[in-house]
Amino acid sequence: MSKSKKYGGGEMNSREERVKWFMEDRFGLFIHWGLYSIPARQEWLRSIERLSIEEYQPFFEEFNPTHYNPREWAKMAKAAGQKYAVLTAKHHDGFCLFDSQLTEYKATNTPAGRDLIKEYVEAFRAEGLKVGLYYSIIDWYHPDYPKYGDRHHPMRENKEYKGEEINFANYIEYFHGQVKELLTNYGKIDILWFDFSYDEMTGEKWEASKLVEMIRSMQPEILIDNRLGGNIMSAEPEIYAGDFFSPEQIIPPGGIVNANHQPIPWEACITLNDHWGYHSKDLNYKSPKQVIRTLVECVSKGGNLLLNVGPNVKGIIPPQSLVILQEVGKWMEQNGESIYGCTAADLPKPEWGRYTQKGKFLYAHVFDRGIGPIYFAGLKDRIKKARLLSDGSELKVEVPWMAEQYSDIENGAFITLTGAELPDEKDTVIELELID
Ligand code: GLC
């Protein structure tokens, strides 16, 4: 292999080193965008509707994102408080948003005529965000990918493909070659987000060890998710088991620990409505409050949130998504310190909400106002000072008359909030500076 340029300097030999920025940044933007944005019935369209390549071809011939302006996307993400992004370079349909020399099935050959990934990485870096690429291991366009009898392929029940002779090694060479292109031609890539392994299509079926060795030799600092296969939670994970676990459409009930009960990095990916790719009929959007509380829940369990938008074919992010991200950004503007660099606190979950912690600063995320003072079990005589994080105003740590008989139940502390309602009903954050 030609001596490829390394990005990120010297050898980066431990996951702990690699994930430092990731555990600090906590909040990222996922972007699902491609040919499927035209039929606007989600990214699994070809598989669900058993569409042949020919039936899907009109979308290739039409694809022209006239309003694509990744700098605007980056500004939106930055204003929302997101610190990194992951854009689909190739999804399961095999269409490449980047100018790959290994296929004709790419954006530069559509009316778009441009390398959408090149523009994305440049724009997001210009706004100070880290850049990730989603790359589908599954490929419903490549002739040497299994079809008949596969679990997901659009032609899985088409008898024309029964007994078809394919050369899977060709597909693996193509797959690895495209990953090499992405790590050679687009500068420093911060995350490679593979998707996804299934049944026997996992691990060394993809020649995953060889792939990860190549990736790590080219970009030692890059983070890789866990979807190449293997078991990131084992005591001795495979080389390709990844740097972070990737729960989808769920926040894990507890944190994520490996077989040695050591916490491992994880990132939950969540849609804003019910679909990853643009779906014109799906108006089932989450509220800003749900998104904020989901982000807090992730961090309170030591994890990240990757929040998805699905732009339409023009390159326009749905207005519903924009409004939610703007509202989340306003909250992050005032309360981001309780997210960035924070992790789980060594305290039980309180009745009124959740805790996040960063060193001696404990952040109480109060979701439910309740009646009377807010109760902090186990924190009696441990709080040096308390501030409303949004405006820095002082909050008094004291036992009001109505609480006197309860203050020793669980060695607790009390803070009185004056209003009947919370200052911010989405999440009111109290910064507690703990006594060393
Ligand atoms: C699932 C879906 C895929 C989506 C991914 C995001 O794997 O199949 O369409 O990109 O989730 O995590």
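Points worth noting:
- Inclusion of I324 among residues that are away from the ligand (no atom under 16 Å from the Cβ), hydrophobic (A, V, I, L, M, F, W, C), assigned to a loop (DSSP other than H, G, I, E, B) and crowded, with 18+ Cβ neighbours inside 10 Å is not warranted.
- Residues within the stretch 254-290 that are of a type in the set (G, A, S), within 15 Å of the chain's Cα centre (by Cα) and assigned to a loop (DSSP other than H, G, I, E, B), tallied: 1
- Helices (runs of 4 or more DSSP H) wholly inside the stretch 22-137 that include at least 3 residues being of a type outside the set (G, A, S), assigned by TED's automatic domain parsing to the domain that holds R227 and within 24 Å of L192 (Cα to Cα): 70-79, 116-126
- Per-region count, the stretch 358-373, residues within 17 Å of R293 (Cβ to Cβ) and of a type outside the set (D, E, K, R): 6
- Residue count for the stretch 196-217, restricted to those that are surrounded by 20 or more Cβ atoms within 10 Å (Cβ to Cβ) and either of a type in the set (F, W, Y) or within 16 Å of the ligand (Cβ to nearest atom) (or both): 2
- Among the candidates F98, F175, F124, F168, the residue that is among the aromatic types (F, W, Y), surrounded by fewer than 17 Cβ atoms within 10 Å (Cβ to Cβ) and at pLDDT 95 or above is uniquely F168.
- Condition check for V299: assigned to a helix (DSSP H, G or I) and in contact (Cβ under 8 Å) with a residue 60 or more places away in the chain: yes
- Odd one out for N185, checked against (1) under 26 Å from the mean Cα position of the chain (by Cα); (2) on the phi > 0 side of the Ramachandran plot: (2)
- In the stretch 56-95, residue surrounded by the fewest Cβ atoms within 10 Å (Cβ to Cβ) [restricted to those that are under 22 Å from the mean Cα position of the chain (by Cα) and of a type in the set (D, E)]: E72
- Residue check for D144: within 16 Å of the ligand (Cβ to nearest atom), without any contact (Cβ under 8 Å) to a residue 60 or more places away in the chain and part of a loop (DSSP other than H, G, I, E, B): no
The values are calculated or read from the model by the stated rules, or taken from the named source; none is laboratory data. Predicted model, so just to flag it, every value in this text is computed and none were measured. Using ideal geometry, Cβ is built from the backbone for each residue, glycine included, and neighbour counts are taken over all protein chains shown.
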